[in-house]
Every structure is written in structure tokens, then in C-alpha cells.
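The values are calculated or read from the model by the stated rules, or taken from the named source; none is laboratory data. Values in this document were obtained by computation on a predicted structure and should not be read as measured data. Glycine gets a Cβ as well: all are built from the backbone with ideal geometry, and neighbour counts include every protein chain shown.
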């Protein structure tokens with residue numbers, strides 16, 4: 001079985017830099033109506049498609065992606081990189097749910113408002129640490 005994640009967006013080409021950075025994926029193709037991102041040398045990783053649609057997103061996402069940056073990058077650096085690419089933070093970092101396990105996250109939105117969480121796994125510095 002193969003998995004592809006498809007995100008509807010009104011300007012697919014404009015979202016390529018944001019989602020490439022968020023996922024650590026490479027833009028591999030532009031085909032009519034789609035921009036295709038792939039993990040490269042990670043077999044079994046899902047393909048990520050940005051699908052061009054006419055209508056904008058309305059309401060809260062029913063599903064979102066959790067992005068887990070590697071320890072050498074970290075959550076604050078990835079959040080800053082995504083903000084530089086037009087993303088924005090949605091509220092403060094979430095720390096109360098799984099903090100006992102060393103897990104916290106920052107909810108963000110891409111330039112079109114699609115939501116994702118940038119997640120700090122155990123081993124990442126606690127929220128607010130530099």
C-alpha cells in the first residue's frame with residue numbers, strides 16, 4: 001500500500017517553499033493542478049501533494065499534520081523558518097497535555113491558514129529553553 005497526503009490550496013505553487021521546509025521534503029514535480037513533494041531517500045514515506053482548488057479553506061481543519069523536527073534543528077528554529085516563509089503561530093505552545101513525557105508543540109498555520117503542529121519529542125529542550 002502507498003500513502004499520499006493531499007492538501008487543497010488556492011495557490012499550490014506559492015505553498016511549495018513552506019511545505020518543503022515544514023516536511024523536509026523536496027519539490028519533485030509540477031503537473032496540471034498539483035505540486036508534488038517527496039521525502040527523497042526514505043522508502044515508504046508518503047508523497048505530499050498540493051492540489052490547486054478554486055475555493056479557499058473554510059472553518060477549522062478536521063485533520064492536521066504533526067511535524068517532528070530532528071534534534072539538531074529543533075522546534076524554535078523550524079517555527080522561525082516557517083514564519084519567514086509566511087506561516088504564523090496559532091496561540092502559545094501547548095505544554096500541559098504530554099509534558100510529563102517531554103512532548104510539547106506549537107500549532108501553526110501555513111500562508112493559506114492550513115494548520116500543523118511542530119512537535120518537540122523527548123530529548124528536545126523544554127518550551128522556552130534557548
TODO: Considering only the range 77-98, state which residues are in contact (Cβ under 8 Å) with a residue 24 or more places away in the chain and more than 25 Å from residue 6 (Cα to Cα).
DONE: 93, 95
- [ ] Kindly check whether there is at least one residue in the range 17-27 that is in contact with a strand residue (DSSP E or B) (Cβ under 7 Å, 6 or more places away or on another chain), under 22 Å from residue 4 (Cβ atoms) and part of a loop (DSSP other than H, G, I, E, B).
- [x] yes
Open item on the list: Give all pairs with beta carbons closer than 7 Å in which a residue from the range 99-123 that is surrounded by fewer than 16 Cβ atoms within 10 Å (Cβ to Cβ) meets a residue that is in a helix (DSSP H, G or I); count only pairs at least 6 apart in sequence or on separate chains.
Closed with: 122/101
- [ ] Would you confirm whether any residue within the range 38-57 is more than 21 Å from residue 3 (Cα to Cα), in contact with a helix residue (DSSP H, G or I) (Cβ under 8 Å, 6 or more places away or on another chain) and either at pLDDT below 95 or surrounded by 16 or more Cβ atoms within 10 Å (Cβ to Cβ) (or both)?
- [x] no
TODO: Determine if the range 113-123 includes at least one residue that is in contact with a helix residue (DSSP H, G or I) (Cβ under 6 Å, 6 or more places away or on another chain) and more than 25 Å from residue 13 (Cα to Cα).
DONE: yes
Open item on the list: List the residue pairs whose Cβ atoms are under 6 Å apart, where the first residue sits in the range 1-28 and is without any contact (Cβ under 8 Å) to a residue 12 or more places away in the chain, the second is assigned to a helix (DSSP H, G or I) and buried (at least 16 other Cβ atoms within 10 Å of the Cβ), and the two are 6 or more positions apart or on different chains.
Closed with: 27/16; 27/20
